[in-house]
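Written below as structure tokens is the structure these notes are about.
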Amino acid sequence: MENEVVGGVHWSFWVIGALTLIWNVMGVINFFVQLDPEAVAAYRESERVIIDGRPVWATGGFAIAVFGGALGSFFLLLRRSVAHYLFILSIVGVFITVAHTFGLRVDLNFAEILGTILMPLLVAAFLIGYSHKVKRKGWLL
């Protein structure tokens, strides 16, 4: 199974595509949940400070990050090269969102830093690199 090809690409392509689509769709769901004040009231204080103090430009960055990532993962699974450019757009949105978070100087614990800052950056950077790699291999059209 190590070198098994499915649909003209290595099986791991489909696994990575599916997992990153799930990750990014969870971000889209999180975006919509954060629009509901009652749902936000159940969040930790540090998270509420970030959400309640988020200006329009940072909310736009958040939307670009999650929708760009979800669309990128969708097009990755469709084996379209536009996925790479959507991932680049997505990381720009992540940087905008992170800039706002850093600007607030909120006291975050390690888990919050990992979940709100590091993981989105790492996943977005990975997807840019991965989509570039599979594009060079000819797996994206």
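Quick notes
- Calculated FRET value between ASN3 and LEU77, using beta carbons and R₀ = 30 Å, to 0.05: 0.90
- Theoretical ellipticity at 222 nm over the chain - DSSP helices of four or more residues, -39500 (n - 2.57) apiece, nearest 500: -24000 deg cm²/dmol
- The charge dipole of the chain, taken about the Cα centre with unit charges on the Cβ atoms of Lys, Arg (+1) and Asp, Glu (-1), comes to about 680 debye, rounded to the nearest 20.
- Once the Cα-Cα distance is subtracted from the 0.36 nm per residue extended length, the SER12 to PHE102 segment shows a gain of 28.9 nm.
- 10 Å-binned pair-distance histogram of segment 5-136 (Cα, whole percent): 13, 42, 29, 13, 3
- Estimated inter-spin distance, LEU114 and VAL92, nm [label 7 Å along Cα→Cβ]: 3.1 nm
Every number in this text was worked out from the coordinates using simple rules, so none of it is lab data. In this text, all values refer to a predicted model and were calculated from it rather than measured experimentally. In this analysis, Cβ positions are derived from the backbone assuming ideal geometry, glycine residues included, and neighbour counts consider all displayed protein chains.
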